[in-house]
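Engineer: I'd like to ask you about the structure that follows.
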Amino acid sequence: MALVAGMRVGSRVLFRPWAWLPGAALGRKESAARGRVGARGFGSQRVLVEPDPAAGIAVMKLKSPPVNSLSLELLTEFVISLEKLENDKTFRGIILTSDCPGVFSAGLDLMEMCGKNPAHYAEYWKAVQELWLRLYLSNLVLIAAINGACPAGGCLISLTCDYRVLADNPKYVIGLNETLLGIVAPFWFKDTLVNTIGHRTSERALQLGILFPPAEALQVGMVDKVVPEDQVQSTALSVMAQWLSIPDHARQLTKNMMRKATADRLVKQRDSDIQNFVGFISRDSIQKSLQVYLGKLRQKKG
Ligand SMILES: CCCCCCCCCCC/C=C/C(=O)SCCNC(=O)CCNC(=O)[C@H](O)C(C)(C)COP(=O)(O)OP(=O)(O)OC[C@H]1O[C@@H](n2cnc3c(N)ncnc32)[C@H](O)[C@@H]1OP(=O)(O)O
């Protein structure tokens, strides 16, 4: 069975994020995702959406305490919310931020990658791929208002955005730190970083698993602006206004031209990428590394 949940319409592949949800949920999720958003706002348990139809934008807040780790549930709800906004012509931009104090997102949920079976790992990785593809190729203007720590998968999400505003707090580090966990950022994580900060800086950042504090993140181009914490949201809004002053069709075609080749690389090898992930994460040595890392995270408190 093909692992990629998508259908082709003309030259465009429409991904159906709910296609990998348990069978019973399909119809309900699909019809919900087709509805218009309107002005009242919507959301789910883990993704809060605050629409401003008059402005054509929505603020999307991740709220999966304590650290917005990207569980299968959060990934699913995230993709469904995105799909809703993408399908509603009212919306031209999204500001992506966190509802969890001090953390934008702790990245992929380590519990999803520890002690589970291969089928679970495959399902999980497919959901990670899906979110990345959705975000990276979104027609909407995406602005990340990074109001907390932003490691690994959290950083990846911010890198899919068109612009990143980071709050000026030394605790709010950002980067792809996978090697510190004894794991490897896959090629599409790497490609996303290279497209943002260039090859040489990525090589150093990835091998050393560097988590950049705000001033350095700005210097290497990992973020576009660093502002006092209480100005992150307002700055994101004024940056959004600038991006929305560009005609959508011209901006969207340009974005697609810049990003399509990178996305296509994954689209063409989704199944083998899943197999690589499952094989890698199932190794005893990798499981041990992740357990050690989780242990350190827990010890930090005590
Ligand atoms: C040959 C090539 C093949 C390649 C195949 C692919 C290979 C695999 C690729 C996998 C890519 C992985 C990407 C990732 O995103 S991995 C996740 C990396 N994330 C991190 O390193 C961040 C870890 N967390 C932190 O540093 C801190 O928690 C943080 C700074 C975010 C917040 O600190 P704070 O002090 O506020 O909170 P705590 O540390 O006390 O955490 C609270 C509880 O949350 C738990 N926690 C934290 N992060 C995670 C996580 N990512 N997943 C699950 N759980 C997490 C933490 O343990 C605390 O739990 P308890 O309250 O139970 O102790």
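Engineer: Restricting to region 93-102, what's the tally of residues that are within 12 Å of the ligand (Cβ to nearest atom) and buried (at least 23 other Cβ atoms within 10 Å of the Cβ)?
Structural biologist: So the answer is 1.
Engineer: Of the numbered conditions (1) surrounded by 23 or more Cβ atoms within 10 Å (Cβ to Cβ); (2) within 16 Å of the ligand (Cβ to nearest atom), residue 121 fails exactly one; give the number of that condition.
Structural biologist: All conditions are met except number (1).
Engineer: Out of the residues in region 161-196 meeting the condition of being over 17 Å from residue 128 (Cβ atoms), touching a Cys at 6+ places or on another chain (Cβ under 8 Å) and open to solvent by less than 20 Å² (accessible area, probe 1.4 Å), tell me which one is farthest from the ligand (Cβ to nearest atom).
Structural biologist: The initial filter retains those residues of region 161-196 that are over 17 Å from residue 128 (Cβ atoms), namely 162-175, 179-180, 182, 194-196.
After this cut, where a residue has to be touching a Cys at 6+ places or on another chain (Cβ under 8 Å) as well, the list is 166, 172-175.
Remaining after also requiring open to solvent by less than 20 Å² (accessible area, probe 1.4 Å): 166, 172, 174-175.
Details: 166: 14, 172: 9, 174: 11, 175: 10 Å.
Checking each candidate, the answer is 166.
Engineer: Within region 45-62, take every residue that is surrounded by 16 or more Cβ atoms within 10 Å (Cβ to Cβ) and under 26 Å from residue 116 (Cα atoms) and give me the one that is nearest to the chain's Cα centre (by Cα).
Structural biologist: So, considering only residues that are surrounded by 16 or more Cβ atoms within 10 Å (Cβ to Cβ) and under 26 Å from residue 116 (Cα atoms), the one nearest to the chain's Cα centre (by Cα) is 62.
The values are calculated or read from the model by the stated rules, or taken from the named source; none is laboratory data. Since the model is a prediction, treat every value here as computed from it, not as a measurement. Glycine gets a Cβ as well: all are built from the backbone with ideal geometry, and neighbour counts include every protein chain shown. All accessible areas refer to the heavy atoms of the entire protein, side chains included, with ligands and DNA or RNA removed. Shrake-Rupley method; radii C 1.70, N 1.55, O 1.52, S 1.80 Å.
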